[in-house]
Amino acid sequence: MAVEISGNPPRDLGLSLRRGALLRCPNCGIGKLFASYLKVAPQCRHCGEELHHHRADDAPPYFTILLLGHVLVPMLLAVEVAYRPELWVHAMIWFPITVASAMTLLPHIKGALVNHQWALYMHGFDPHDRGSDPFGQCSG
């Protein structure tokens, strides 16, 4: 689905989200989106697209918690109903699964959100609207 915003050329939102989930540049799909675990690269090393404008803030952890809650809570309840394990057994099972799942999923969700902002020309990604971001350039 290509999205045209304020006279700018349309950008494919679905393709951009897929590239973000794969931790790739929204523009070329080849360069890496992140410089480290959750630090977005200032620009793509392959095509030069500036990426420092993003403002993902608290959205990636929120969506990670929302998604994992909908997946893990039913599983926890199914185990509880079927086996009735002690609370310490639940803790030993679900704590590491929850932490590992969240740490694995978080960069992919953040990548999709940053690329979503790129596709919609948000937060400085609009080449015709440089300088209108009241918060300045964000590098986190």
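The values are calculated or read from the model by the stated rules, or taken from the named source; none is laboratory data. Keep in mind that what you see is a predicted model, and the values were worked out from it rather than measured. Glycine gets a Cβ as well: all are built from the backbone with ideal geometry, and neighbour counts include every protein chain shown.
Among (1) surrounded by fewer than 15 Cβ atoms within 10 Å (Cβ to Cβ); (2) small (Gly, Ala, Ser); (3) at pLDDT 95 or above, which single condition is Gly131 missing?
All conditions are met except number (3).
Residues being out of contact with any strand residue (DSSP E or B) (no Cβ under 8 Å at 6 or more places or on another chain) and modelled with pLDDT of 95 or more: count how many of those fall in the stretch 1-25.
9
Taking Leu72 and the conditions (1) modelled with pLDDT of 95 or more; (2) of a type outside the set (Val, Ile, Thr); (3) on the phi > 0 side of the Ramachandran plot, which numbered condition does it fall short on, given that it satisfies the others?
(3)
Which one of Ala100, Ala56 is modelled with pLDDT under 95 and among the aliphatic types (A, V, I, L, M)?
Step by step, each of Ala100, Ala56 is checked, and only Ala56 is modelled with pLDDT under 95 and among the aliphatic types (A, V, I, L, M).
Could you list, in sequence order, all residues of the stretch 116-130 that are closer than 12 Å to Asp12 by Cβ and assigned to a loop (DSSP other than H, G, I, E, B)?
Across the stretch 116-130, the qualifying residue is only Leu120.
Condition first: free of Cβ contacts under 8 Å to residues at least 60 places away in the same chain and within 12 Å of the chain's Cα centre (by Cα). Can you find one or more residues in the stretch 34-57 that meet it?
For the stretch 34-57, residues free of Cβ contacts under 8 Å to residues at least 60 places away in the same chain and within 12 Å of the chain's Cα centre (by Cα): present.
Taking Ser16 and the conditions (1) touching a Phe, Trp or Tyr at 6+ places or on another chain (Cβ under 7 Å); (2) more than 18 Å from Gly124 (Cα to Cα), which numbered condition does it fall short on, given that it satisfies the others?
So Ser16 meets the others, but not (2).
Mind listing just one residue for me: the one in the stretch 23-65 that is of a type in the set (Gly, Ala, Ser) and part of a loop (DSSP other than H, G, I, E, B) and, of those, nearest to Val99 (Cα to Cα)?
Checked the stretch 23-65; the qualifying residue nearest to Val99 (Cα to Cα) is Ser36.
Working only within the stretch 1-39, note down all residues that are surrounded by fewer than 18 Cβ atoms within 10 Å (Cβ to Cβ) and basic (Lys, Arg).
Matches in the stretch 1-39: Arg18, Lys32, Lys39.
Condition first: farther than 19 Å from His128 by Cβ and not in a loop (DSSP other than H, G, I, E, B). Now tell me which residues in the stretch 1-12 satisfy that.
Asp12
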